[in-house]
Amino acid sequence: MSLPISGIYSAYMPFFDIAQLPQPRLESVLGALCFVESSIDNNTEIPMIQIHAPLLDGADTACELWLSHAALVSEKPLEHGSYGDIQYRFNDKFLFGVISLPESVPMQTGTALASLQQVTESAYRQIFALMDDLDYPYAYRLWNYMADINGISHGLERYRQFNVGRKDAYLACGREVGGQLPAACALGVADGPLTIAFLLGRKAPIAIENPRQVSAYEYPEEYGPRTPSFSRATLLCAELNNLLFISGTASIVGHQSLHGSDVVAQTKETLTNLQAVIAEANRKLGEQKFDLQHVFFRVYIRNAADLSLVRNEMQRHIGGTIKAAFVQADICRSELLLEIEATAWHLSEHS
Ligand code: 3EB
């Protein structure tokens, strides 16, 4: 299954299907996010992150690929490179990059520890320097994964340390922090380095907020000393079609988490939020282009045992055949039991 759009599109498949792709298609893959139980050798040139998170629907692996349509149909191959700790692949319109930074730095005399905050600031400074140097001024989407997201060290929850490092990098690099931010997600996994994948481009996206929620970059201080730097969604308009990158979305209304330990109620609230984001994107476009049916979802569930409750509620609410991957991961507020991120697409009648 794949989502064609002019410029860039995504496809979803098990890890071992990637290397089996026909050569022209393989060579048009900009990058990949792979959910795998344990690390697998990447013997391709595709920049990828491997997230060690259990898949809940019986699959061994689940990968999201981002492909360049131009590289598939034209003569011009993708190029790749590295920049500091970043690996990337690109054409003249899009760049997909990955960076993984462990929270320990090997030194000549042993190993020094860096806080998650420092590591995050370093990763984001590298991403921003790459954006400036290679002239991809816009970030459409970032995916963030870290160990022990709800753990506390240095007197601060680790997700909040991440928010400090991220926003400090934005400020240090002179970037805007109040609106026009990329879509994002931030999830906790059992172990491993801070791992980030990102998609950049040269055409400005439209940042979308959710009218039911306080913008994350305006959350009050009770959620940490620095606000989270992301938009609820980014909308990329191409000539023939549109792509909506929907950030991780949870059972939050205003700025408050709702429905305590009730996973079904949290799922309903999350779906209502997803619908509100989609409606807001349609409102900005002035047309009903996106709906909940033309969406690929990734559903992060804190407690594996909640899978069927969450899936059934999604099925009831959305209907039809739901395109989704279900992954066990920790959510950035300890009371939240699930988070859903999504990519919505719309093809025009002419494409
Ligand atoms: C929320 O709405 C839930 O810190 O990048 C969702 C998406 C969440 C992205 C991030 C956090 C992030 O606040 C958490």
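Could you grab me the full set of residues in segment 123-155 that are assigned to a loop (DSSP other than H, G, I, E, B), in contact with a Gly (Cβ under 8 Å, 6 or more places away or on another chain) and away from the ligand (no atom under 16 Å from the Cβ)?
Across segment 123-155, the qualifying residue is only Tyr136.
So which residues in segment 98-115 are within 19 Å of the chain's Cα centre (by Cα) and aliphatic (A, V, I, L, M)?
Val98, Ile99, Leu101
Within segment 169-203, track down each residue that is of a type in the set (Val, Ile, Thr) and either within 12 Å of the ligand (Cβ to nearest atom) or in contact with a Leu (Cβ under 9 Å, 6 or more places away or on another chain) (or both).
Matches in segment 169-203: Val177, Thr195, Ile196.
Taking the options Ala216, Ala233, Ala207, Ala186, name whichever one is crowded, with 16+ Cβ neighbours inside 10 Å and touching a residue at least 60 places away in the same chain (Cβ under 8 Å).
Within the list Ala216, Ala233, Ala207, Ala186, the selection yields Ala186.
Looking at segment 262-277, I want the residues that are under 15 Å from Val214 (Cα atoms) and have a partner that is in a helix (DSSP H, G or I) with Cβ atoms under 8 Å, at least 6 apart or on another chain. Which pairs are those?
Nothing qualifies.
When you go through (1) more than 17 Å from Phe326 (Cα to Cα); (2) open to solvent by 40 Å² or more (accessible area, probe 1.4 Å); (3) touching a residue at least 60 places away in the same chain (Cβ under 8 Å) one by one for Leu30, which number turns out not to apply?
It fails just one condition, (2).
The values are calculated or read from the model by the stated rules, or taken from the named source; none is laboratory data. Just so it is clear, the model here is predicted, and its values are computed rather than measured. Heads up, the Cβs are rebuilt from the backbone with ideal geometry, glycines too, and the neighbour counts pull from every protein chain shown. Heavy atoms of the whole protein, side chains included, go into the accessibility calculation; ligands, DNA and RNA do not. Shrake-Rupley method; radii C 1.70, N 1.55, O 1.52, S 1.80 Å.
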